[in-house]
Amino acid sequence: MSIAPSSLRAAALNLPGAYEDFPFGAETSVFKVKAPTGDRPGKVFALGDLDSQPLSISLKCDPELAPGLREANPGITGGYHLNKRHWNTVDTSRVEEQMVLEMLEDSYDLVVAGLPKKQQTALKWSAHAAGE
């Protein structure tokens with residue numbers, strides 16, 4: 001059931017403009033998105049210790065959907081040390097791999113949706129393509 005750390009990292013880095021950073025130390029992977037035209041620092045869409053057992057990752061979530069996801073799945077909790085209204089922490093040993101990947105993409109889409117249109121265009125991203 002659990003996604004492999006290498007698969008989670010690959011999925012995150014496969015998203016346009018995504019990169020991995022370590023601002024909190026070598027143990028915490030922070031995945032950010034930055035458009036090639038942007039001069040601002042990247043925006044975080046996922047973070048976690050990919051070597052932890054069980055593997056957990058914190059992902060941005062629509063605040064209207066977050067409570068329902070937590071209620072429906074005990075492997076999803078309010079973001080650990082994050083704004084629980086906007087972030088969920090996912091225990092990947094208790095959540096199906098496909099759902100983790102979908103939540104990762106949704107987190108990325110939420111962050112990119114908040115970027116200026118010029119940066120969204122540079123990433124070849126559109127709200128329509130993201131399912132909005």
- [ ] Please tell me if Glu102 is of a type in the set (Asp, Glu) and surrounded by 13 or more Cβ atoms within 10 Å (Cβ to Cβ).
- [x] no
Task: Residue that is nearest to Val90 (Cα to Cα) [pool: residues in the stretch 1-29 that are of a type in the set (Ser, Thr, Tyr) and surrounded by 10 or more Cβ atoms within 10 Å (Cβ to Cβ)] - done: Ser2
- [ ] Could you grab me the full set of residues in the stretch 72-131 that are under 16 Å from Pro16 (Cβ atoms), among the polar types (S, T, N, Q) and either at pLDDT 95 or above or in a loop (DSSP other than H, G, I, E, B) (or both)?
- [x] Ser107, Ser126
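From the list Tyr108, Tyr80, pick out the single residue that is of a type in the set (Phe, Trp, Tyr) and surrounded by fewer than 16 Cβ atoms within 10 Å (Cβ to Cβ).
On the way: Tyr108 fails: surrounded by fewer than 16 Cβ atoms within 10 Å (Cβ to Cβ).
Result: Tyr80 is the single residue among Tyr108, Tyr80 that is of a type in the set (Phe, Trp, Tyr) and surrounded by fewer than 16 Cβ atoms within 10 Å (Cβ to Cβ).
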Open item on the list: If I filter the stretch 46-61 down to residues being surrounded by 13 or more Cβ atoms within 10 Å (Cβ to Cβ) and among the charged types (D, E, K, R), which single residue comes out as farthest from Glu102 (Cα to Cα)?
Closed with: Asp49
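The values are calculated or read from the model by the stated rules, or taken from the named source; none is laboratory data. Here the structure is a predicted model, which is why all the values come from computation and not from measurement. Quick reminder, even Gly has a Cβ in these numbers, built from the backbone with ideal geometry, and neighbours come from all protein chains shown.
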